[in-house]
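In what follows, a structure is listed as structure tokens, so that the remarks can point back to it.
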Amino acid sequence: MLAKEAIPDGFTYSYLLSACARSGLLREGKQVHGRVFVHGFCSNVFVRTNLINLYALVCGDDGIGFARKVFDEMGERNVVSWNSLLAGYIRCGDVDMARRVFDEMPERNVVSWTTMVAGFARNGKCKQALSYFNQMRRARVELDQVALMAALSACAELCDLQMGKWIHSYIKETSRFRSQQLLVALNNALIHMYASCGLIEEAFQVLKYMPERSSVSWTSMIIGLAKQGFAQEALAVFESMLSLGDAEVKPDAITYIGVLSACSHAGFVEEGRHHFTQMTQNWGIKPRVEHYCCMVDLLSRAGFLDEAFELIKTMPVRPNDAVWGALLGGCQIHKNADLASEVAEKLVAELDPSHAAGYLVLLSNVYATAKRWQDVANVRQKMIEMGVKKPAGRSWVQIDGAVQNFISGDNTNKHASSIYDMVWQVTRQAKQEGYEPDTSEVISNME
């Protein structure tokens, strides 16, 4: 265009900057910015907005800091300009600045609200994400599928079943969702939410009636089943996934974490070995530290401590604390205090003191099981010298829409006596009887 001596205008530069931003071409975008400056298009609101999008790709003064400078120098702004800056701060994980920008916005649209809900959920601020989602509802802003996906993700993290069910009902009852196909990702979010909250049958129903399924759909179901202790069902879903023969639906590294985790929880040693081998041979998936951790946990629980230790030694990646901890847990189950000592030495040498407490307590328990009381005393003394304590256990339950938190050993709650009495009664009853949802029928009907 320049070679033909055609004169670029504001639209030209807007499209150029948009292309650079979408392709992550910051250096080329800066060159375009130089031309914009020379040819006097800096006052164009669309050009400026695309400059914000460009610089907001990079965190730090050279990126989001410069995007802010461009924004502050704008004589005229529209809601898209505000949204671009908002998205930049969210992308960089600066939720405090994002909140400030959002509060200052003279006008907000569905993109503004969705950016806040999705951004806070993605940055681990799930309670705040649902708070913005509720504000979005009260403001009567039309809830789009992206906002619903983000809210469901937050529900899964918080085990907020009440809100999760409301979103599912909203999707089923809203007329516009009846006339348009739901995104596969939205159905996947529903599966993840139900599975995380322990409602396996509801998650199965979503999977069963999905018009289109992706690898993530199957993987979410497999991991949900594995987490809830339904190992046989998780492996059955995995086999269903493979039997469909869909070229677009293939197991990935995350799928196999769920499969191996299911094998570990159920003690399926031979199946675990088989899947660990097939993962590489059939699908070309290079095992990650998480896969090795599952295998070490499986072998250690089953008593194959030497095999687990050899597997750790041959790992191409450095074993982390979870890998060593899995072996240490096996040592406690099978009362192998000598191997536990060797493992603990590696753990303490490599771990940050703040993460070592739980493993040192586990080692102490191994010694106690073997009646090596002097070693128990030595470990306890070491914990004192390191200044570490085992973190308190935590649990929560949702009652009437409110999530109640409980911390082990906490007596500050005014109802502490009643709480501990109820915990004792529940524990006693749980030992006497249990309930498991019947998932076999759903699996057999899975298409």
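Just a few scattered comments:
- Hydrodynamic radius of region 108-203 per Kirkwood, over alpha carbon pairs, in Å: 13.1 Å
- Here the sum of -39500 (n - 2.57) over DSSP H runs of 4 or more residues, divided by the residues of the chain, equals -21000 deg cm²/dmol at 222 nm, to the nearest 500.
- Helix 145-158 axis, angle to the chain major axis (alpha carbon atoms, nearest 10°): 30 degrees
- Extending 7 Å from the Cα toward the beta-carbon at both VAL141 and LYS69 defines two label points whose distance is 3.0 nm.
- Restricting region 16-85 to GluC sites (Glu not before Pro) in coil, as DSSP defines it, with at most 13 other Cβ within 10 Å: GLU73, GLU76
- Sorting the segments 10-19, 131-140, 320-329, 151-160 by their mean number of nearby beta carbons within 10 angstrom, highest to lowest, gives 151-160, 320-329, 10-19, 131-140.
- Student exercise, region 108-203 dipole from Lys, Arg, Asp, Glu Cβ charges, in Debye to nearest 20: 380 debye
- Alpha-carbon gyration tensor eigenvalues x 5, square-rooted, for region 42-122, Å: 19, 15, 10
- For the chain: rounded, prolate or oblate by the Cα gyration tensor [a/c cutoff 1.5]: prolate
- MET422/GLU104 FRET efficiency (R0 41 Å; Cβ-Cβ; nearest 0.05): 0.30
- Length gained when the stretch ASN411-LYS431 is fully extended (0.36 nm per residue, less Cα-Cα span): 4.7 nm
- Computed FRET value (nearest 0.05) for ASP306 with LYS250, which takes r as the C-beta separation and R₀ as 45 Å: 0.85
- Cysteines of the chain lacking any other cysteine Cβ under 4.7 Å from their own Cβ: CYS20, CYS42, CYS126, CYS155, CYS159, CYS197, CYS263, CYS293, CYS294, CYS331.
- When each of LYS227/LYS250; LYS208/LYS250; LYS125/LYS346; LYS165/LYS250; LYS346/LYS371; LYS227/LYS382 is checked by Cα-Cα distance, pairs over 27 Å: LYS125/LYS346; LYS165/LYS250; LYS227/LYS382
- FRET efficiency estimate (nearest 0.05) - Cβ-Cβ, GLU239 to ASP96, R0 35 angstrom: 0.15
None of the figures in this text is laboratory data; all of them are computed from the coordinates on show. None of these values were measured; they are calculated from a predicted model. Here the Cβ is made from the backbone with ideal geometry for all residues, glycine too, and neighbour counts use every protein chain on show.
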